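Some notes on the structure that comes next.
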Amino acid sequence: MERRPLSGAGFLASDWRPKRNYPHVAIRRFNLAMMVCDAGDLPRAHELFVEALAAHERSLGDDHPYTALTRVSLANVLHRLGETKAAFAEAESALRAVEGQPEGSQFRTRVEHVAKKVLNEP
């Protein structure tokens, strides 16, 4: 069997698609989206966050903390792309999802922090 090297993140993001909606696959897609966002490729990060959010919604539900964190990260990218109305809607939805989390919990704190930046910046 011939071994071929992987071509890096572009291979994972573009060519490989899981056949099932396992939560760990969505988490890895979220992590990839964060790396792409940090590298400055906001359109590609947007695409990856949308894919991760859809996978989290299917596998974990709308109100799961991972889903909320993915949603608020998508809101941040939308905001940075100038899509303010969509960013606000996603940020508000993420905040509603973590309302039931204990005050000071890791996910609630992270979601509130990012949502505050999205909702308070012009």
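The values are calculated or read from the model by the stated rules, or taken from the named source; none is laboratory data. Quick caveat: nothing in here was measured; it's all calculated off a predicted structure. Cβ atoms come from the backbone with ideal geometry, glycine included; neighbour counts cover every protein chain shown.
Observations on the structure shown:
- Extreme residue, surrounded by the fewest Cβ atoms within 10 Å (Cβ to Cβ), among residues of the range 20-53 that are over 21 Å from Ala97 (Cβ atoms) and touching a Lys or Arg at 6+ places or on another chain (Cβ under 9 Å): Leu42
- Here Gln106 fulfils each of the conditions (1) within 21 Å of Ala26 (Cβ to Cβ); (2) surrounded by 14 or more Cβ atoms within 10 Å (Cβ to Cβ); (3) of a type outside the set (Gly, Ala, Ser) apart from (2).
- The range 56-68: number of residues that are part of a helix (DSSP H, G or I) and either surrounded by fewer than 24 Cβ atoms within 10 Å (Cβ to Cβ) or in contact with a strand residue (DSSP E or B) (Cβ under 7 Å, 6 or more places away or on another chain) (or both): 6
- In the range 76-94 there is no residue that is part of a helix (DSSP H, G or I), in contact with a Ser or Thr (Cβ under 7 Å, 6 or more places away or on another chain) and crowded, with 21+ Cβ neighbours inside 10 Å.
- Top-ranked residue of the range 25-40 - restricted to ones that are assigned to a helix (DSSP H, G or I) and of a type in the set (A, V, I, L, M), ranked as modelled with the lowest pLDDT: Val25
- Residue pairs meeting the criteria (Cβ under 7 Å; at least 6 apart or on separate chains; first at negative phi and among the aliphatic types (A, V, I, L, M), in the range 41-63; second at pLDDT 95 or above and surrounded by fewer than 15 Cβ atoms within 10 Å (Cβ to Cβ)): Leu42/Leu81
- Here Pro43 clears all of (1) over 19 Å from Arg110 (Cα atoms); (2) touching a helix residue (DSSP H, G or I) at 6+ places or on another chain (Cβ under 8 Å); (3) modelled with pLDDT of 95 or more; (4) not aromatic (Phe, Trp, Tyr) except the condition numbered (2).
- With respect to the conditions (1) closer than 22 Å to Val25 by Cα; (2) modelled with pLDDT under 95; (3) among the small types (Gly, Ala, Ser), Gly100 falls short on a single one, namely (1).
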